[in-house]
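Below is one structure, written out as structure tokens; comments come after it.
The values are calculated or read from the model by the stated rules, or taken from the named source; none is laboratory data. Values in this document were obtained by computation on a predicted structure and should not be read as measured data. Quick reminder, even Gly has a Cβ in these numbers, built from the backbone with ideal geometry, and neighbours come from all protein chains shown. To get the accessible areas, we keep the full protein, side chains included, count just its heavy atoms, and leave off ligands, DNA and RNA. Shrake-Rupley method; radii C 1.70, N 1.55, O 1.52, S 1.80 Å.
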Amino acid sequence: MANNDSKPSSLHMLQGIFFLIAFVVTILIISTDKNLQTDFGLVKPYFYHWYGLLTTGILSLIGGIVLIVKHDKMLEKVGVAGSAIIAIFLVADIATYSTTHWFPSAGAMANYLFGVTFDKAYASPGTYIPGLYDLLFAVYIVTLIIGIFAVRKK
């Protein structure tokens, strides 16, 4: 008798694809946000928040490839947990505002990360593209939702 887990579902593939999209958005952020790279000019060559985001991007790349190549309910569950943990990590990053040496409050850092308009207060010494962090967070939430549906599908 054939095992239904051996056939990839469209939700399973979509979960993997969204992890790959998260990787692309992450690479776009870490390659364009000069403030993230240098802690607003205080650190060279890269600030540790940059490495944290790079790590989540690499995990997303690996997870996306594995989910697309190998269909397994356990991997779908790991994908659900992983996307939830990374989404929480992205929001929890706000609590580290004091380590940046730039933001006077958690609210100011949240505005920088999740603001969708360019704020001139953060234009110097580096550039950034507003809205990318929002997009990354949304991609992980969509990945989480797709993963939940994939796990629940019989």
Checklist outcome for this item: Checking Val69, Val43, Val25 in turn, the sole residue that is modelled with pLDDT of 95 or more and not basic (Lys, Arg) turns out to be Val25
Checklist entry - If you take the residues of region 28-45 that are open to solvent by 60 Å² or more (accessible area, probe 1.4 Å) and hydrophobic (A, V, I, L, M, F, W, C), which of them is nearest to Ile86 (Cα to Cα)? => result Leu28
Item to check | Selection status of Val24, within 18 Å of Trp102 (Cα to Cα), out of contact with any Pro (no Cβ under 7 Å at 6 or more places or on another chain), of a type in the set (Val, Ile, Thr) and open to solvent by 20 Å² or more (accessible area, probe 1.4 Å) | outcome: no
Next on the checklist: Among (1) part of a loop (DSSP other than H, G, I, E, B); (2) under 15 Å from Ile30 (Cβ atoms); (3) free of Cβ contacts under 8 Å to residues at least 24 places away in the same chain, there is one condition Trp50 misses while meeting the rest; what is its number?
Outcome noted: (1)
Next on the checklist: Checking Ser60 against (1) polar (S, T, N, Q); (2) touching a residue at least 24 places away in the same chain (Cβ under 8 Å); (3) open to solvent by 20 Å² or more (accessible area, probe 1.4 Å), only one condition comes out false. Which one?
Outcome noted: (3)
Item to check | Qualifying residue in region 27-44 (condition: assigned to a helix (DSSP H, G or I) and under 16 Å from Ala150 (Cβ atoms)) | outcome: no
Next on the checklist: Given the condition at pLDDT below 95, crowded, with 17+ Cβ neighbours inside 10 Å and of a type in the set (Val, Ile, Thr), answer yes or no: does some residue in region 75-85 qualify?
Outcome noted: no
Checklist entry - Here are some residues: Ser10, Ser98, Ser31. Which one is without any contact (Cβ under 8 Å) to a residue 24 or more places away in the chain, of a type in the set (S, T, N, Q) and under 16 Å from Tyr128 (Cβ atoms)? => result Ser31
Next on the checklist: It is to be established whether one or more residues within region 95-102 are surrounded by fewer than 17 Cβ atoms within 10 Å (Cβ to Cβ), modelled with pLDDT of 90 or more and closer than 17 Å to Leu144 by Cα.
Outcome noted: no
